[in-house]
Amino acid sequence: MVLFLYAVSRLALALRHVAGERVKSVLDRFTKTVPMAILTGTVVTTLLDSSSVVIILAIALVSAGALPFRNSLGVVLGANIGTTISSQLFAFDLGQYAVVAMLPGLLLLTLSKKRQGRTIGRALFCFGLLFFSLYLIGEAVSPLKDYRGVQAWLLKLESPVRGAGAGALLTLIIQSSSATLGMVIKLAAKGLLTLPAGIAVMLGAELGTCSDTLLATIGRGRAALKTGLFHLSFNLISITIGLLLIAPFTALVVRLAGHADVARQIAHAHVLFNVAGVLLFAPLLPLCQRMLDAWLPEEEPVKSLVVQAAQPA
């Protein structure tokens, strides 16, 4: 697990170094309309493998006045779709092929004389390490199937509220919903987690990921704060609906996933849940904007004393 968390954090950092300024430029150029903002948020999150990083970049751009508040809402929705790509990758058993990325990455990291080359090498190495560590986690937890105490505790996660609480707490601690989903999918692949429990933990992970984006709004002005609050509200409402409808939602996932294993079903559930949430909220963005603007209106600039003194009596 330590290797896994290290790989997740270093991969996000390396990708940010490779594409940080370019991402800001892309978010600025290709978010002029809400549909484009959603698409851009999806693509950029897929490339950076972190919805939190993309939303925090959007918050920084909103704070700087480079991105309109309304368009940042589309980026938030797109980021929620983009983060589902990693869960689809985690559902594949790629641990045995990790060396394909780790070896070239290690060579670039050690032999490249340019900083850009070393950063790309670090990203490749951490990408391979991510799947290798997931493979190690799967092998390590496999014997736990024989322990009744572990089975009983994991079965308790089938309770929607308890499972969501566990997912939110774990994501809050490790600061990565992708990492939480990766571990959930690997536990399910080893027969330790049922589909209802996996979906419940997945819903909680969506809530836990709001913590770092809310922290990023501190001291950045009302426009940035509204973006962070929209992210929190979007996840809270979506998760509440998901928990209320978890039984029919689980049945729908089973029906659509066919004969796929539980790990793959959880990955499909993640995609289905986030896409459904975006489709629900996208038409409501103008209403959400008006509500947040009414609740947190922009502060009017205060005229300086010099300007006031210059005005005629």
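Some values worked out for this structure:
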quantity: Protein accessible area in the chain, 1.4 Å probe - carbon and sulfur %; calculated: 68
quantity: Evaluated at q = 0.10, 0.16 Å⁻¹: base-10 log I(q)/I(0), Debye formula over Cα of the stretch 151-264; calculated: -0.32, -0.73
quantity: Principal axis dimensions, the stretch 1-149 - Cα atoms, whole angstrom, descending; calculated: 53, 48, 21
quantity: Proximal charge balance of Phe69 [Cβ under 10 Å; K/R count +1, D/E count -1]; calculated: +1
quantity: Projected-area mean, the stretch 202-299, by convex hull of Cα positions, square nanometres; calculated: 7.0
quantity: Tilt relative to the chain, helix 99-111 - C-alpha long axis, 0 to 90 degrees, to 10; calculated: 50
quantity: Sequence-separation-based contact order of the chain, relative, with Cα cut under 8 Å and 6+ spacing, percent; calculated: 19
quantity: Crossing angle, helix 69-82 versus the chain [Cα axis fit, 0-90 degrees, rounded to tens]; calculated: 10
quantity: Pairwise Lys count, the chain - Cα closer than 26 Å, eight or more residues apart or different chains; calculated: 10
quantity: Folded to 0 to 90 degrees: helix 51-63 orientation relative to the chain principal axis, Cα; calculated: 0
quantity: Nitroxide proxy distance, nm - points 7 Å out along Cα→Cβ at Gln116 and Ala140; calculated: 3.7
quantity: Normalised alpha carbon radius of gyration of the chain [divisor 2.2 N^0.38 Å]; calculated: 1.10
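The values are calculated or read from the model by the stated rules, or taken from the named source; none is laboratory data. What you see is a predicted model; the values in this text were computed from it and never measured. All Cβ positions, glycine included, derive from the backbone under ideal geometry; neighbour counts span all protein chains shown. Just the protein is used for accessible areas: all its heavy atoms, side chains included, with ligands, DNA and RNA removed. Shrake-Rupley method; radii C 1.70, N 1.55, O 1.52, S 1.80 Å.
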